[in-house]
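What follows is a single structure, written as structure tokens, with notes after it.
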Ligand code: NAD
């Protein structure tokens, strides 16, 4: 018996086998869930298909979170396929590469708005689309954040502002959806080498520092994000909502 036996999970944000969303997908599969994946654009479709085959997941369609039409179409397909939804994973973020280096002060109005739209507003839009599919049996929604939401991490810049917004969205969504037994949480993950993090200047030297300073004296393993995600999304997390849970080998508790 897995903790996600018989559950239906939609995972948004797998780009390749390094993606945190992929670790979550694998753990949900190990725990017995049925999984649907989306992809952002045709180029990623080719990468996602073989991964989906590995875990017997359904590739449900293209989803760029800035498109209301694509959101509508993906949730219509989920409704048709499963009738409802138990788990939604949002592992999506974007900022222009030029804004992930040097001074935060220089971010343009346009780039600021785009980073917040894709990285934070998208959770609201997806939660709204998921609500009717979760309201009969309850459900759980999970997003991914980073410590740059609450500390000024060098070069993280506008993405930190987007993550702060995202964490606030988690709390407000938890209040709105709680009466329907739909829980909303975030995992604040430690550094992991992925497509997204490679855009942040000096991210890996910072990751090295996390290893040195964290209580566990090692890097976070992406499977550890998968494990906590499965717990928060399943019945094991039934009393937890509106929270940002740190899976960061303890780095966030340490002072100099
Ligand atoms: P990743 O590059 O594998 O995943 C990012 C995903 O966002 C990709 O699948 C990409 O297609 C998707 N995306 C970007 N813009 C999109 C759009 N407009 N529509 C739909 N999808 C879009 O990198 P990752 O590190 O696994 O990132 C997943 C999440 O984890 C992000 O929210 C990231 O901020 C967060 N996170 C990452 C780290 C880390 O160190 N890698 C640490 C903490 C939190």
**Neighbour-count ranking [beta-carbon atoms within 10 angstrom, fewest first] of 241, 136** = 136, 241
**Asked** Rounded, prolate or oblate: which fits the range 24-167 when a ≥ b ≥ c are the square roots of the eigenvalues of the alpha-carbon gyration tensor, with rounded for a/c under 1.5 and prolate only if a/b beats b/c?
**Response** prolate
**Prompt:** Let a ≥ b ≥ c be the square roots of the eigenvalues of the Cα gyration tensor of the range 215-256; is it rounded (a/c under 1.5), or, if not, prolate (a/b larger than b/c) or oblate?
**Reply:** oblate
**Request:** Can you put 90, 208 in order of Cβ neighbours within 10 angstrom, beginning with the fewest?
**Result:** 208, 90
**Message:** Which of rounded, prolate or oblate describes the range 1-42 when judged by the alpha-carbon gyration tensor and an a/c cut-off of 1.5?
**Reply:** oblate
**Asked** Pick from 152, 21, 189: which is most flexible by mean-square fluctuation in a GNM of the chain where alpha carbon atoms under 10 Å apart are linked?
**Response** 152
**Asked** When a footprinting reagent is the concern and you count Cβ atoms within 10 Å, what order do 107, 184 take, fewest first?
**Response** 107, 184
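Readers should treat all values here as calculations from the given coordinates under stated rules, not as data from a laboratory. The shown structure was predicted, so the numbers you read here are calculated from the model rather than taken from an experiment. FYI the Cβ positions are ideal-geometry reconstructions off the backbone, even for glycines, and counts take in every protein chain you see.
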